[in-house]
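Before any comments, here is the structure.
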2 protein chains.
Amino acid sequence: MAEKLDRLLISLDQLIRIRNETSHAILSECGVPDITVKQITYLKTIDEQGEVTFTRLAEITRNSKPTITELINRFENMECVYRERCPHDGRVLYIRLTDKGRRIARADNYALSRLIERMMETLDEDDIDVLVTLLRKVW
Amino acid sequence: MAEKLDRLLISLDQLIRIRNETSHAILSECGVPDITVKQITYLKTIDEQGEVTFTRLAEITRNSKPTITELINRFENMECVYRERCPHDGRVLYIRLTDKGRRIARADNYALSRLIERMMETLDEDDIDVLVTLLRKVW
DNA sequence: TATTATTAGGGAAAACCTAACTAACTACAG
DNA sequence: CTGTAGTTAGTTAGGTTTTCCCTAATAATA
């Protein structure tokens, strides 16, 4: 039994490792190897909000507005976001993700998708049914 | 088929999420919520090396020796490492992990173990056999 | 003399802040 | 209806702390 557990551990470790490596590979592809965890978190927040202004992002993240200005300037230099003026109110700016910014924000999801593509190459439909059933049993 | 894929995606996402959350929980337990990714990487390197001196760690990580001194001072304040003088050569110091440092270095592994414990609560031996067989098919 | 680690004294970048400012919108007094 | 006074959105200026890196010089040991 201990041996079985060990094999399960190795298999799951492999699964998670592949996902992580793919995730890092995506960040490398994007040319941002030194991006910080905080920056990725901010990009994810912007992505989740969809349409977000400076004031709103400051509220959500509990930062001052100048902090957000500085953050967005950095992201703009990294070509991860751009500013779009609101047509109805000239004071307001929307923070928009570029393709690159979105790829970074969703790197984890893309990595998981790639992992699943890889599973599809070796597993048939019945296998997947069994796998899903087993995994759903757990949570 | 697309629906099945989607369920697989959700299940695997859940698996990885639980692992990540457990990992973060372990870091919180250790009282180091603001630890950086680089610091964790250094602790992992120290853990993997087993017996490592300042000069050696500087070589491995391609840093200067003062950088390592500074790093280790920080880790010592965080109670993650301690210095141990080499009995054969008074110039040499070994960098040793404390329990806390080791827990942080291995947080990912512990998280995976806890995940597997959790799976054991719901899956029987046959289930695990099937799961392992399926996962091993993929890689 | 050579080697190990430390100290002293730098620098850059991220991630935060307050105070003061500009531009643009809103409301209401005349 | 218009002018102005006040409000709001974002920026600029100037500051701090922390991490993470460096070179040069030094102390202790081999």
The base-10 log of I(q)/I(0) that the Debye equation returns for the stretch B:34-103 at q = 0.23 Å⁻¹, one scatterer per C-alpha, is -1.04
Under the Karplus relation with 6.51, -1.76 and 1.60 and θ = phi - 60°, whole-Hz ³J(HN,Hα) for the stretch A:60-68, x at Gly and Pro, equal 4, 8, 6, 10, 6, 5, x, 4, 5
In Å³ per residue, the alpha-carbon convex hull of chain B encloses 171
Inter-copy distances for residue A:4, nm, shortest first, label points 7 Å along Cα→Cβ, are 2.5
Cα-based Debye curve of the stretch A:91-139 sampled at q = 0.29 Å⁻¹ gives log₁₀ I(q)/I(0) of -1.04
Rounded to a whole %, the carbon-and-sulfur portion of the accessible area of chain A at a 1.4 Å probe is 46
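What's the local net charge at residue A:70, with K and R +1, D and E -1, over the other residues with C-beta under 14 Å away?
Numbers: positive: A:38, A:65, A:74, A:83; negative: A:76.
Here the charged neighbours net out to +3.
For the protein assembly as shown, what is the calculated [θ] at 222 nm in deg cm²/dmol (nearest 500), taking -39500 (n - 2.57) for each run of four or more DSSP H residues and dividing by its residue count?
Numbers: 14 runs with 198 residues, N = 278.
The helix-only estimate for the protein assembly as shown comes to -23000 deg cm²/dmol at 222 nm.
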In the structure shown, of B:38/B:65; B:4/B:137; A:38/A:100; A:4/B:38; A:137/B:44, the pairs separated by more than 22 angstrom at the C-alpha atoms are A:4/B:38; A:137/B:44
The stretch A:60-139: relative contact order from alpha carbon pairs under 8 Å, six or more residues apart, as a whole percent, is 17
Note on chain B: contact order normalised by length, alpha-carbon pairs under 8 Å, 6 or more apart, percent, works out to 29
Within the under-10-Å Cβ sphere about residue B:139, not counting residue B:139, Lys/Arg +1 and Asp/Glu -1 give a net charge of +4
Expressed in nanometres to one decimal, the distance between label points 7 Å along Cα→Cβ at residue A:51 and residue A:79 is 2.8
Within the under-14-Å Cβ sphere about residue A:110, not counting residue A:110, Lys/Arg +1 and Asp/Glu -1 give a net charge of +1
For residue B:50, inter-copy label-point distances (7 Å, Cα→Cβ), nm, shortest first, read 5.5
Restricting to Cα pairs under 8 Å and 6 or more apart, the percent relative contact order of the stretch B:34-103 works out to 33
Computed on Cα atoms, the radius of gyration and Dmax of the protein assembly as shown in angstrom are 22.5, 76
Output row for residue A:34: copy-to-copy label distances, label 7 Å along Cα→C-beta, ascending, in nanometres, one decimal, is 2.2
Reduced to Cα centres, the span from the stretch A:99-139 to the stretch A:56-84 in Å works out to 32
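The values are calculated or read from the model by the stated rules, or taken from the named source; none is laboratory data. Only a predicted model underlies this, so the values are computations on that prediction, with no experimental measurement involved. Backbone-built Cβ (ideal geometry, glycine too); neighbour counts: all protein chains shown. In case anyone asks, the SASA skips ligands and DNA or RNA and just uses the protein heavy atoms, side chains included. Shrake-Rupley method; radii C 1.70, N 1.55, O 1.52, S 1.80 Å.
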